[in-house]
Amino acid sequence: MRAHPSPLVNSLHGSAGNLTARRDRRGTVLTLRTHPPNNIQVDEPVTSWIVDSIVGTGWTPIVGSWVPTSPEPTAYLAGYHRATLTGYAISQFVPTLPLEQLYHIYEWHPVDPTLHNNVLHQIRVGIASMNHYVNQAVNGGQWNFIASYTLNPATALVRNGGGGGVNLAADAIRFSTVLL
């Protein structure tokens, strides 16, 4: 994860106090700062593991034809993989996680209104798989929350895919936890 010299700051306000998130240029949370009603400030570091379909390891095409794109400004890093289907396509993101613990899982896809509005994201939780659907036709170029689960490092993975002549993107999946 690359830090940007001047991170963006988002603030949330609630009955328990305020929460400020310091983010890098792509929106990845670097630290959370709580501001309880008594104004004591506490930094809670956020650790993320990101699997990108172009850069690094951990992404694998399982079924179908996934084509890498040329540099795309709204892709997570250098580009992404795209599947235009006549059948079915599945890709797999496997993180290298250190501990069995609660992770918040996000996906990133590029801005492209021709992408499908109901892309399956299947998260392996132990021996079970939990299905979630993401509308990739909207909210591109940012981290989109999928779900939170306690994941085992030996079995954790996210598969995305679909079928029936639709356009799909496989760009990046982020696994984040707040270390207390």
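Filtered by the rule that a residue be under 16 Å from L157 (Cβ atoms) and exposed (fewer than 14 other Cβ atoms within 10 Å of the Cβ), segment 78-98 gives T96, P98. Quick check on R159: is it charged (D, E, K, R), at pLDDT 95 or above and surrounded by 20 or more Cβ atoms within 10 Å (Cβ to Cβ)? Yes; evaluated as a whole, the condition is true for this residue.
Going through segment 49-75 one residue at a time, which ones are of a type in the set (S, T, N, Q) and assigned to a strand (DSSP E or B)? Listed by number, the list holds a single entry, T60.
Out of the residues in segment 171-180 that are modelled with pLDDT under 95 and among the aliphatic types (A, V, I, L, M), state the one that is farthest from S53 (Cα to Cα). For segment 171-180, the residue satisfying everything is L180. Apart from one condition, L30 fits all of (1) modelled with pLDDT under 85; (2) among the aliphatic types (A, V, I, L, M); (3) closer than 27 Å to G163 by Cβ; the exception is (3). Among the candidates R124, R174, the residue that is under 13 Å from the mean Cα position of the chain (by Cα) and not in a loop (DSSP other than H, G, I, E, B) is uniquely R174.
The values are calculated or read from the model by the stated rules, or taken from the named source; none is laboratory data. Here the structure is a predicted model, which is why all the values come from computation and not from measurement. For neighbour counting, all protein chains shown are included, and Cβ atoms are generated from backbone atoms with ideal geometry for every residue, glycine included.
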